[in-house]
1. What is the dipole size for the stretch 105-216, taken about its Cα centre, with +1 at each Lys and Arg Cβ and -1 at each Asp and Glu Cβ, in debye to the nearest 20?
2. Looking at the calculated P(r) for the chain, what percent of the C-alpha pair distances fall above 40 Å?
3. Which value, in Å to one decimal place, does the Kirkwood hydrodynamic radius take for the stretch 22-175 when every pair of different Cα atoms is included?
4. Once fully extended, how much extra length lies between Lys131 and Glu197, figured as 0.36 nm per residue of separation less the alpha-carbon to alpha-carbon distance?
5. For the chain, what proportion of DSSP beta bridges, expressed in % and rounded to the nearest 5, is antiparallel?
6. Among the lysines, which have Cα under 19 Å from the Cα of Lys38 when same-chain residues fewer than 8 positions away are ignored?
7. Using alpha-carbon pairs under 8 Å, 6+ residues apart, how would you state the relative contact order of the stretch 46-98 in percent?
8. When only alpha-carbon atoms are used, what values of Rg and Dmax, in angstrom, describe the stretch 85-165?
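Each reported figure results from applying straightforward, stated rules to the coordinates on display, with no laboratory input. Owing to the predicted nature of the structure, the values given are computational and were not obtained by experimental measurement. FYI the Cβ positions are ideal-geometry reconstructions off the backbone, even for glycines, and counts take in every protein chain you see.
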Amino acid sequence: MEKRLGIYIHIPFCAGKCAYCDFYSLVGREDMIPRYQKALLTHIREASQQLQGYVIDTVYIGGGTPSFYGAGRLIELFNALKKYGRVMVDGEMTVEVNPDSISYQDMVKLRRAGFNRLSVGAQSANDGILKSIGRLHDFAQVERTVLDARRAGFENVSLDLIYGLPSQTREDWADTLSKMLALKPEHISAYGLKIEEGTALYPYKDSPFIPDDDLQADMYLFAVDMLSRYGYKQYEVSNFARRGFASKHNLKYWQMGEYMGFGAAAHSCVSGQRYSCAADMELYADNILAGRSVVDHAESVTDFERAGEYLMLGLRTTWGISEKEYYDIFPCKFDMARKILDDYVKRGWMVKNDDRWAFTPEGFLLSNVLIGEILDAQTKQRMSIVSPWKQESAEEEYQFSMFSKRPGEVQLFQGIT
């Protein structure tokens, strides 16, 4: 059985900074693009020995705005992965694109190079709202991008949407969903607006123009219902897909698969080790090109941490968790957690099918709090079976971060020279 690996490459460059964005991204630093590209290619080459132990079945290039970085550079990175790694021909190869920075010719080049999935940053169908949050495109450009993607041969297109945007009403959100569904994407991600400190929207956090929690909840439940009626099955809190089109790369995170990240702020989880690169583009490039480490944090993942991650990540999906799967990772009594889970079923926040618990849409709205209660219960359960002098170290071990293997032969891209 081949070990499978997902690859993530972070492109931090953007044409403009969206008002809500708190990802590591930079505007006006195009002067650094050649040096950053050189660093990424060097990093991939240096990882070649580690990559040989795996078959790469998913690649995801995110940002930032990868389409702003340029199709030629993205293809060069992909070719480096083919040269130094074992990349599956029929794997899932995704590029994030914005409608204002991608052309039909670029899409043709990306498709011919082997990319087969586009994630389009659409956000809204309301041009006024798009402008207010700093987006550089309008809805007509979204429509053109999807049409061009089909002409270029992409049969797997995802649209990213946001609800709870400034001045957005229920009617606006319903109109956005209707117009996006008319484009017939294979996948839709719908995220609730979260206003983080340091973003352009933060000073307006308590503004009456920002939809409150109740309105956001209504929008979320409306989306779950509407998307379901149009054949988009919810498989994670914010993700919906037609049959067979759930994101294989994102599933690696939810199903605790292995993935390796390249670029500033990229994260990895490989061979029981979790590590991340510094969220500093210049430091990343300088260190890589000078032969120094770019890892700013690393840790080994204990079985207890893996069990906690299983609970936290599994409960974000619609297939949920089971007591047996938890016990297979970390043999600890499940009594306290089971009692809480069964109580959530009675309250309508969860459903139980056979030996699996999963949140309902109403439960997903409260999932951050509810998952915390379940994790706390399992920690207390474990504390009750360890010696008093070991409790302190056991509690320190209780740190979780948000961060399937199939048998059979696979066909690989031939090495690119």
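1. Values: 14 positive and 17 negative charges, 159 e Å.
About 760 debye.
2. Values: 15436 of 86736 pairs.
Across the chain, Cα pairs with separations above 40 Å total 18 percent.
3. Numbers: mean 1/r = 0.0593 Å⁻¹.
Kirkwood hydrodynamic radius for the stretch 22-175: 16.9 Å.
4. Numbers: separation 66, 0.36 × 66 = 23.76 nm, distance 2.08 nm.
Taking 0.36 nm per residue and subtracting the Cα distance, the gain is 21.7 nm.
5. Numbers: 24 of 58 bridges.
Looking only at bridges with both residues in the chain, the antiparallel portion is about 40 percent.
6. Candidates past the 8-residue exclusion: Lys82, Lys83.
7. Working: 57 pairs, mean separation 31.7, N = 53.
Across the stretch 46-98, relative contact order equals 60 percent.
8. When restricted to Cα atoms, the stretch 85-165 yields Rg and Dmax of 13.7, 45 Å.
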